[in-house]
Amino acid sequence: MAEPSERTFSEPNEEIMHATYRALRDHGYADLTIKRIADEYGKSTAAVHYYYDTKDELLAAFLDFLLERFVDSIHDVETTDPEQRLELLLDELLVVPEDDRDILIALLEMRSQAPHKETFSERFHQNDDYIRYMLKAAINHGIDEGVFDDVDADHVTRALMTIVDGARTRAVVLDDTKALTTARQTAAEYVDAMVM
């Protein structure tokens, strides 16, 4: 499993990450500039360039930041019950507040650049590896505890990731407002059918 980035974010870096989030949400990937990020940051472009030489370098750090936030949200889950843990992981992946829709669009735009930008590709692979690891660990824990049937945890995990990725893509590309809700229900039905 690829470990999440060991990168830590200083206060100014974290402020730049939040500014990047807002700029991506408001302008999308195609219209994102260091100037727009600096405007959101409330400082000059030189202040952003002090930390990041290029937009791509900044966006690679932003992908690290998002993974770190996801990891933190998973670590905040205090249950050891495998069924509840799997449910909470799926909620984290598929129950997205409406104000995060624009960031899903920007992330899909960035994902489309991954075949051409190695730094993006590495981050998306790392993110996917970590999420699959967490899902698979919850499933294996459930199998070990006798809560889940003895299934191929890797296969179930890949199927769940296909549901997640498909729903996020439909939500963005087709503006399907019910895609995530439908996918969450489908994931629950799949889990019930496959592991219970």
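The values are calculated or read from the model by the stated rules, or taken from the named source; none is laboratory data. All values derive from a computational prediction rather than experimental measurement. Cβ placement follows ideal geometry from the backbone for every residue including glycine, while neighbour counts extend to all protein chains displayed.
Quick rundown of the values:
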{"read-out": "Residue count for the range 109-118, restricted to those that are outside any loop (DSSP other than H, G, I, E, B) and either surrounded by fewer than 17 Cβ atoms within 10 Å (Cβ to Cβ) or at pLDDT 90 or above (or both)", "value": "4"}
{"read-out": "Unique match (being closer than 18 Å to GLY28 by Cβ, in contact (Cβ under 8 Å) with a residue 40 or more places away in the chain and of a type in the set (Gly, Ala, Ser)) among ALA171, ALA183", "value": "ALA171"}
{"read-out": "Subset of the range 63-87 that is of a type in the set (A, V, I, L, M, F, W, C) and at pLDDT below 90 - its residue that is farthest from ASP26 (Cα to Cα)", "value": "VAL77"}
{"read-out": "Residue count, the range 118-154 (criterion: among the small types (Gly, Ala, Ser) and over 21 Å from ASP165 (Cβ atoms))", "value": "2"}
{"read-out": "Near pairs, Cβ below 8 angstrom, 6+ apart or cross-chain, from the range 1-30 (in a helix (DSSP H, G or I)) to any residue that is at pLDDT below 60 and hydrophobic (A, V, I, L, M, F, W, C)", "value": "MET17/PHE9"}
{"read-out": "Residue ID - surrounded by the most Cβ atoms within 10 Å (Cβ to Cβ), chosen from residues in the range 10-59 that are of a type in the set (Phe, Trp, Tyr) and modelled with pLDDT of 90 or more", "value": "TYR41"}
{"read-out": "Residue in the range 102-111 that is under 25 Å from LYS55 (Cα atoms), without any contact (Cβ under 8 Å) to a residue 60 or more places away in the chain and basic (Lys, Arg) present", "value": "yes"}
{"read-out": "Out of ASP102, ASP91, sole residue that is under 22 Å from HIS27 (Cβ atoms) and among the acidic types (Asp, Glu)", "value": "ASP102"}
{"read-out": "Residue match in the range 102-120 (condition: more than 25 Å from ALA60 (Cβ to Cβ) and either assigned by TED's automatic domain parsing to the domain that holds THR177 or of a type outside the set (Asp, Glu) (or both))", "value": "no"}
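Residue by residue, here is whether (1) among the hydroxyl-bearing types (Ser, Thr, Tyr); (2) free of Cβ contacts under 8 Å to residues at least 60 places away in the same chain; (3) loosely packed, with under 12 Cβ neighbours inside 10 Å; (4) out of contact with any Ser or Thr (no Cβ under 9 Å at 6 or more places or on another chain) holds:
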| residue | (1), (2), (3), (4) |
| --- | --- |
| GLN84 | no, yes, no, yes |
| TYR133 | yes, no, no, no |
| VAL164 | no, no, no, yes |
| GLU189 | no, yes, yes, yes |
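For (1) over 16 Å from the mean Cα position of the chain (by Cα); (2) of a type in the set (S, T, N, Q); (3) part of a helix (DSSP H, G or I), each residue gets a yes or a no:
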position: HIS141; (1), (2), (3): yes, no, yes
position: ASP154; (1), (2), (3): yes, no, yes
position: GLY166; (1), (2), (3): no, no, yes
position: VAL172; (1), (2), (3): no, no, yes
position: GLN185; (1), (2), (3): yes, yes, yes
